[in-house]
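Report on the structure given below.
Every read-out reported here was derived from the displayed coordinates using simple, explicitly stated rules and does not represent laboratory data. A quick note: this is a predicted structure, and the numbers were derived from the prediction, not measured. Backbone-built Cβ (ideal geometry, glycine too); neighbour counts: all protein chains shown.
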Amino acid sequence: MSLPIPPLTLDPLIGPALGFRFAVFFFAGGAVPNPIDIRFQRVSGLSASIDTTTVIEGGQNLYTHRLPTRVGYANLVLERGFVVGSPLNLEFNAAMSLFKFAPSNVIVTLLSERHLPLAAWLFIKAYPVRWATADLDANDERLLIDTMELAYTRMQALRI
């Protein structure tokens, strides 16, 4: 006698991750989270790559050696609706207008259906390098989007 096999169900914590539930946390002074600037429409630049150098071996014409040299990172790009009265806006304004930088740690967290963390990306010593607001157009009724771009020292991917 065989036992019935239960139907396969995927727990949201184990199943495929969906990329539309996420939060972004800025840590002022590296430790205190900013509770206001957490909602963004889009995050990009979650990538790292290994730079290599080519070394040619004397007398060897079939191949070259490619040796790792350093890790390179793309800028972190954040997009959100136009916001007034944001601490993050003040930080970007200080960088762009006064050339004063206060690097902070940033963590992007992917959330499950139950709003539990599935994965995270930690960006260490992030600072603003670009700030843009979408074009103003009287013929277009779209949400006004701010794009904020950050450079950083290092990224650490965390799989929870």
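Worth a mention:
- Exposed chymotrypsin sites (Phe, Trp or Tyr not before Pro) absent - longest run of the chain, DSSP non-H/G/I/E/B, at most 14 other C-beta within 10 Å: 102-160
- Trypsin sites (Lys or Arg not before Pro) restricted to DSSP loop in the range 99-160 with at most 10 other C-beta within 10 Å: Lys100, Arg114, Arg142
- Distances between placed amide hydrogens fall under 5 Å for Leu144 paired with Phe82, all partners being 5 or more residues away or on another chain.
- For the range 61-70, backbone phi angles converted through the Karplus equation (6.51, -1.76, 1.60; θ = phi - 60°) give residue-by-residue couplings of 10, 8, 7, 10, 9, 10, 10, x, 10, 6 Hz, Gly and Pro being listed as x.
- Normalised contact order of the chain, rounded percent, pairs of Cα under 8 Å and 6 or more residues apart: 24 percent
- For the range 20-160, the C-alpha radius of gyration sits at 1.33 times the compact-globule guess of 2.2 N^0.38 Å, with N the residue count.
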